[in-house]
Amino acid sequence: MKEAIIYLLFDNWCNSGHEPEVIEAMKKAIQNPTEDTIFELSSVVEANAFKAGARSCLQMIHCLFIEG
């Protein structure tokens, strides 16, 4: 179970490039590659991945305890 959650979080992190706020942060970092814009990009990607991973974990817990 623990391994599945880790893989799920990693997959969500890898797939977070399509979110509008991630795309905007990428554009800023490419146009003006400073420490601040790069840090902003990494923060936005990480936050989106965490939110998506948390939602997926809640769905797994729901499936295990409510539906199962």
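The values are calculated or read from the model by the stated rules, or taken from the named source; none is laboratory data. Just so it is clear, the structure is predicted and the values come from calculations on it, not from any experiment. No Cβ is skipped: glycine too gets one built from the backbone with ideal geometry, and neighbour counts run over all protein chains shown. Calculation scope for accessible area: heavy atoms of the full protein, side chains included, ligands and nucleic acids excluded. Shrake-Rupley method; radii C 1.70, N 1.55, O 1.52, S 1.80 Å.
One table, with the values for the structure above:
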| quantity | calculated |
| --- | --- |
| Cβ-Cβ under 8 Å pairs, at least 6 apart or on other chains, segment 42-55 side closer than 13 Å to His18 by Cα, far side assigned to a helix (DSSP H, G or I) and among the charged types (D, E, K, R) | Val44/Glu21; Asn48/Glu21 |
| Per-region count, segment 27-52, residues surrounded by fewer than 14 Cβ atoms within 10 Å (Cβ to Cβ), among the charged types (D, E, K, R) and more than 27 Å from Tyr7 (Cα to Cα) | 3 |
| Glu24 vs. criteria in a helix (DSSP H, G or I), open to solvent by 80 Å² or more (accessible area, probe 1.4 Å) and not aromatic (Phe, Trp, Tyr) | yes |
